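The values are calculated or read from the model by the stated rules, or taken from the named source; none is laboratory data. Bear in mind that the values here come from a model prediction, so they are computed numbers and not experimental data. When we count neighbours, we look across all protein chains shown, and the Cβ atoms used for this are built from the backbone with ideal geometry, even at glycine. For the accessible areas, the whole protein counts, side chains as well, though only heavy atoms, and no ligand, DNA or RNA atoms are used. Shrake-Rupley method; radii C 1.70, N 1.55, O 1.52, S 1.80 Å.
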Amino acid sequence: DMTNTRVAINYLTNAQTGKISYVDGEGSEVSHTDLAGKTGDTININPQAPVDWKIVEGQNIPKTVVAGPDGIPTVTVQVEHDTITVTPDQPKNPSDKLPDGKNYPSGVGENDLNQTISRKITINVPNKPAQVINQKADFTRSATIDLVNHEITYGDWKLNDNSLNHVDVPVVPGYTASQTTVDGITDPTVNTKLSDITVDYTANEQGQVVNYVDPSGKTVKSDTVPGHTGEIVDITVNVPDHYILVPG
């Protein structure tokens with residue numbers, strides 16, 4: 001009594017899973033992105049590096065993969081520590097936030113990225129106010145922060161401004177300066193040690209000549225009274241023997 005029966009057997013595609021595996025330089029997985037689809041599906045691959053990491057350039061990362069009967073093939077993406085650079089014109093404090101929301105490490109503040117060396121030259125010119133010359137050299141550098149371990153790598157110090165110029169000490173008649181010039185420093189470094197410089201003047205020895213002359217104008221005797229430039233000295237009259245001082 002059976003009648004002919006058509007039996008249709010259909011196949012449903014199974015759900016498949018896989019992942020994009022982000023690995024560091026040693027091959028250890030840092031993170032992964034889950035992939036999902038069905039057998040035979042073409043799965044788009046859009047890698048997104050984990051927070052504080054970046055994808056290593058130059059890799060041949062497939063744009064798509066096909067889900068197979070045993071799952072979606074794992075796509076391995078190499079990643080490395082991401083970094084951020086702090087410039088000297090925008091230093092950071094530990095209270096400031098990194099892109100990942102963590103605090104900046106110490107070591108990238110104003111004084112870490114900006115340095116100044118300086119000297120003061122004081123020239124004590126006789127009978128005048130002291131001449132003061134302030135000179136300096138400014139240096140800056142950048143800092144690169146590893147966002148994973150917060151290690152800091154500094155760039156080289158760069159000389160931005162230098163006023164450590166040569167100075168000629170003024171010549172003052174009758175006086176001798178402790179030095180005639182102050183040398184300039186054309187290529188200072190942030191480690192150049194500077195000292196303040198003071199230039200003093202010493203009064204030169206002088207002699208005041210006292211001539212004793214007779215009525216004809218002939219010099220009978222000469223005395224020299226010692227002293228120094230600018231010094232007030234007493235003149236003691238020592239009339240030559242057998243002479244008297246002319247009145248008045």
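Excluding ligands, DNA and RNA, what is the solvent-accessible area per residue of the chain at a probe of 1.4 Å, expressed in Å²?
I get 69 Å² per residue for this part.
Counting only Cα, what are the radius of gyration and maximum Cα-Cα distance Dmax of segment 105-248, in Å?
30.0, 105
Which is farthest toward the positive dipole end of the chain among N124, M2, W53, measuring Cα position about the Cα centre, with Cβ charges +1 (Lys, Arg) and -1 (Asp, Glu)?
The listed residue farthest towards the positive side: M2.
Over the Cα atoms of segment 147-226, how large are the radius of gyration and the largest Cα-Cα distance (Dmax), in Å?
Radius of gyration, then largest Cα-Cα span, for segment 147-226: 28.4, 104 Å.
Which of the peptides 14-21, 138-145 is most tightly packed, and how do the rest follow, judged by the mean count of other Cβ atoms within 10 Å per residue?
Result, highest mean first: 138-145, 14-21.
Could you look at the chain and say what percent of its accessible area is carbon and sulfur, using a 1.4 Å probe and all protein chains?
Its accessible area is 47 percent carbon and sulfur atoms.
Can you compute log10 of I(q)/I(0) for the chain with the Debye formula, treating each Cα as one identical point scatterer, at q = 0.16 Å⁻¹?
For the chain, the Cα-only Debye profile gives -1.15.
Which residues in segment 24-53 place their backbone N less than 14 Å from a point set 7 Å from the Cα of Y11 along the Cα-to-Cβ direction?
Counting backbone N atoms under 14 Å from the label point, the list is 39-41.
So how do 160-166, 58-64 stack up, highest first, on mean other-Cβ count within 10 Å?
Top to bottom by mean Cβ count within 10 Å: 160-166, 58-64.
Can you check how the C-alpha radius of gyration of segment 91-167 compares to 2.2 N^0.38 Å, as a plain ratio?
Computed over Cα atoms of segment 91-167, the ratio equals 1.69.
Debye sum, Cα scatterers, segment 44-122, no solvent: what log₁₀ I/I(0) at q = 0.22, 0.23, 0.24 1/Å?
-1.04, -1.08, -1.12
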